[in-house]
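Presented below is the structure to which this report refers.
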Amino acid sequence: MAQESSPERSEQPAQAPGAPRALVIVDVQNDFCEGGSLAVAGGAEVARRIGRHVAEHGAEYAAIVATADWHEDPGPHFSDHPDFADSWPPHCRVGSDGALFHPGAEQAFEQVQAIFRKGQHAAAYSGFEGFTVEADQRVGLADWLRDRAIEEVDVVGIATDYCVRATTLDALQSGFQVRVLSDLCAGVAPGTSADAISEIQTAGAVIN
């Protein structure tokens with residue numbers, strides 16, 4: 001299984017001059033892929049595609065980061081009788097194999113510079129609700145990107161209709177230009193995924 005990169009890692013990939021773009025990899029974790037407790041169809045294949053994308057295009061990014069569900073006691077977000085809208089089966093528990101990143105994306109995580117964990121004690125869908133730790137201080141995703149002069153982000157990952165959607169909307173709200181690489185995303189359901197794509201496109205994201 002893919003192991004999580006250290007949030008304190010600071011290496012940056014080589015980058016084409018003047019390209020202030022970051023890649024945000026959303027929740028590519030075992031529990032969201034086939035065999036996981038909240039599996040999304042196509043999740044494992046998306047993990048592999050993201051790995052290949054970073055292997056081939058990592059040098060085009062000024063920064064590469066990941067987000068992760070990291071649940072300890074998220075209250076009503078977990079349920080034995082979930083409605084699959086506001087409540088869900090337990091998933092991505094702190095310290096569990098399900099919370100690890102999927103091994104298919106290992107090539108990508110070799111270049112990840114920081115991990116933004118979210119949802120320890122409450123539901124959290126957007127990567128912008130998460131934080132990493134630098135010099136013993138919690139740092140949110142928006143501030144981390146701004147500190148590196150990032151102006152544009154590509155968003156990929158799982159799931160299109162939930163965490164990818166929420167992360168994209170918050171990125172736009174935070175002032176970043178956003179491109180969603182739809183071939184590198186997997187959704188829970190076709191209908192809600194189509195609705196999410198329409199919503200984020202209307203909000204200003206570019207869909208590739």
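Nothing in this text is a laboratory measurement; each read-out follows from the coordinates by a stated rule. All of these numbers come straight from a predicted model, not from anything done at the bench. Virtual Cβ from ideal backbone geometry, glycine too; neighbours counted across all protein chains shown.
Considering only alpha-carbon pairs that sit under 8 angstrom and 6 or more positions apart, the relative contact order computed for the chain is 25 percent. Which shape class, rounded, prolate or oblate, goes with the stretch 102-178 when its Cα gyration tensor gives a ≥ b ≥ c as root eigenvalues, a/c under 1.5 marks rounded, and past that a/b bigger than b/c marks prolate? Verdict is rounded for the stretch 102-178. Residue by residue, the stretch 146-153 carries 3J(HN,Hα) couplings of 5, 4, 10, 6, 6, 10, 10, 9 Hz when phi is fed to the Karplus relation 6.51 cos²θ - 1.76 cosθ + 1.60 (θ = phi - 60°); x denotes Gly or Pro. When peptides 29-37, 53-61, 151-159 are sorted by average Cβ neighbour count within 10 Å, with the highest value leading, the order is 151-159, 29-37, 53-61.
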